[in-house]
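Worksheet: the structure to be examined is printed underneath.
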Amino acid sequence: MRAARITLAVAAAAVWALTAGPVAAHFGTITPSTDIVTQEDDKTLTLEVKFIHPLERHYMEMAKPRRFGVVHAGKQTDLLGTLTAAKGKAPDQTEEFTFWTAGFQVRRPGDYLFFVEPTPYWEPAEDVFIVHYTKVCVNALGLEEGWDAPIGLETEIVPLTRPYGLWTGNLFTGQVLLKGRPVPFAEVEVEYLNASPGNPGIVQAPADAFVTQVVKADANGVFSYAMPRAGWWGFAALGEADWKLAQDGQEKGVEIGAVIWVHTRDMK
């Protein structure tokens with residue numbers, strides 16, 4: 001499988017250059033029980049936070065995140081204490097792996113931007129730590145305000161397409177930011193969350209190249225992708241941080257990822 005790796009140089013502007021690798025694509029995920037809450041719906045959301053290979057449904061062990069929260073009406077709320085550990089595995093995995101769940105009560109209209117900063121994951125196969133700053137937007141009760149606002153994560157994808165109310169086949173457009181600034185020509189990985197809630201059918205990739213789609217951003221860090229199937233789609237722009245972490249007494253590089261998830265539905 002081809003998984004993009006982008007090397008980061010921080011100067012007056014951020015420059016990310018491709019260094020392709022053969023390893024499977026990792027994605028941080030936040031999947032809410034719904035992306036739109038109406039007046040008729042249950043106002044309690046269930047959110048699952050995982051570290052997986054989405055299309056292959058392969059779990060990685062996930063330690064309790066460093067940060068988990070939500071931004072609504074410009075206010076950020078810490079939700080770390082609401083996380084509960086759970087176990088899961090893919091059909092071809094013999095060992096169960098840890099992921100996290102949380103409940104959230106929607107009380108007011110507007111867009112809710114949920115985000116997670118995970119504890120760094122050591123990947124010995126790549127000799128690198130992985131930190132994916134992941135987010136998802138849930139709209140509540142008809143007020144469409146806040147979905148296009150940056151959260152202020154070290155790196156993030158800011159949607160230019162409203163990230164909910166999407167039909168299958170819609171074009172999703174986003175902008176990759178690093179420290180609040182656009183990342184020119186960032187390479188963005190795209191994966192489908194196989195057997196995602198409401199869409200139990202399993203997608204079988206005919207070749208490795210179909211597992212992770214890849215698109216290139218323009219000079220302003222803007223990219224687009226048309227989603228061909230109903231369900232959850234993840235977009236990840238990966239880079240190398242300008243800071244390191246220690247592993248076995250040695251300083252190691254850190255892969256940082258800007259990840260966003262959006263949901264599509266079939267017309268009926």
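Spot the failing condition for Pro197; the list is (1) part of a loop (DSSP other than H, G, I, E, B); (2) at pLDDT 95 or above; (3) surrounded by fewer than 22 Cβ atoms within 10 Å (Cβ to Cβ), and only one is missed.
(2)
For residues that are surrounded by fewer than 20 Cβ atoms within 10 Å (Cβ to Cβ) and not basic (Lys, Arg), scanning just the stretch 178-189, find the one that is nearest to Ile30 (Cα to Cα). Don't jump to the end; show me each part of the working.
Residues of the stretch 178-189 that are surrounded by fewer than 20 Cβ atoms within 10 Å (Cβ to Cβ), as a first pass: 179-182, 184-185.
Still in the running and not basic (Lys, Arg): 180, 182, 184-185.
Details: Gly180: 22, Pro182: 23, Pro184: 26, Phe185: 26 Å.
So the residue we want is Gly180.
Assess whether His53 counts as being under 14 Å from the mean Cα position of the chain (by Cα) and within 29 Å of Pro228 (Cα to Cα).
So His53 passes the test.
Can you tell me which residue in the stretch 22-37 is modelled with the highest pLDDT, limited to those that are farther than 15 Å from Trp261 by Cβ and either part of a loop (DSSP other than H, G, I, E, B) or touching a Gly at 6+ places or on another chain (Cβ under 7 Å) (or both)?
Among those that are farther than 15 Å from Trp261 by Cβ and either part of a loop (DSSP other than H, G, I, E, B) or touching a Gly at 6+ places or on another chain (Cβ under 7 Å) (or both), it is Ala24.
Select from the stretch 251-268 the residues that are touching a residue at least 60 places away in the same chain (Cβ under 8 Å) and part of a loop (DSSP other than H, G, I, E, B) and list them in ascending order.
Listed by number, the residues that qualify are Gly253, Asp266, Met267.
Given the residues Val116, Val190, Val131, Val158, which is the only one that is out of contact with any Phe, Trp or Tyr (no Cβ under 6 Å at 6 or more places or on another chain), at pLDDT 95 or above, aliphatic (A, V, I, L, M) and closer than 27 Å to His58 by Cβ?
Result: Val131 is the single residue among Val116, Val190, Val131, Val158 that is out of contact with any Phe, Trp or Tyr (no Cβ under 6 Å at 6 or more places or on another chain), at pLDDT 95 or above, aliphatic (A, V, I, L, M) and closer than 27 Å to His58 by Cβ.
State all residues of the stretch 222-250 that are of a type in the set (Gly, Ala, Ser), closer than 18 Å to Leu178 by Cα and not in a strand (DSSP E or B); if no residue qualifies, say none.
Once the filter is applied, which keeps residues that are of a type in the set (Gly, Ala, Ser), closer than 18 Å to Leu178 by Cα and not in a strand (DSSP E or B), the stretch 222-250 yields only Ala241.
For the stretch 200-221, how many residues meet the condition of being loosely packed, with under 14 Cβ neighbours inside 10 Å and assigned to a strand (DSSP E or B)?
Restricting attention to the stretch 200-221, the residues satisfying the condition of being loosely packed, with under 14 Cβ neighbours inside 10 Å are 200-202, 204, 206-210, 216, 218-220.
Next, only the ones that are assigned to a strand (DSSP E or B) stay: 216.
Here the count works out to 1.
Suppose we filter Ile202, Ile256 for residues that are among the aliphatic types (A, V, I, L, M), touching an Asp or Glu at 6+ places or on another chain (Cβ under 7 Å) and under 30 Å from Asp92 (Cβ atoms); which single one remains?
None of the others qualify; the one that does is Ile256.
Of all residues in the stretch 142-175, how many are out of contact with any Asp or Glu (no Cβ under 9 Å at 6 or more places or on another chain) and of a type in the set (A, V, I, L, M, F, W, C)?
Final tally of qualifying residues: 4.
Which condition from (1) modelled with pLDDT of 95 or more; (2) under 29 Å from Gly142 (Cβ atoms); (3) out of contact with any Leu (no Cβ under 8 Å at 6 or more places or on another chain) is the one that Glu40 breaks?
Only one criterion is unmet by Glu40, namely (1).
Just one of the numbered conditions (1) within 19 Å of the chain's Cα centre (by Cα); (2) surrounded by fewer than 17 Cβ atoms within 10 Å (Cβ to Cβ); (3) on the phi > 0 side of the Ramachandran plot is not true of Pro228; which one?
Of everything listed in (1) within 19 Å of the chain's Cα centre (by Cα); (2) surrounded by fewer than 17 Cβ atoms within 10 Å (Cβ to Cβ); (3) on the phi > 0 side of the Ramachandran plot, Pro228 misses just condition (3).
Residue by residue through the stretch 55-113, note down the ones that are within 25 Å of Pro163 (Cα to Cα), touching a residue at least 24 places away in the same chain (Cβ under 8 Å) and loosely packed, with under 11 Cβ neighbours inside 10 Å.
Within the stretch 55-113, Gly74, Gln105, Arg107, Arg108 qualify.
The values are calculated or read from the model by the stated rules, or taken from the named source; none is laboratory data. Quantities reported herein were computed from a predicted structural model and do not represent experimental measurements. For neighbour counting, all protein chains shown are included, and Cβ atoms are generated from backbone atoms with ideal geometry for every residue, glycine included.
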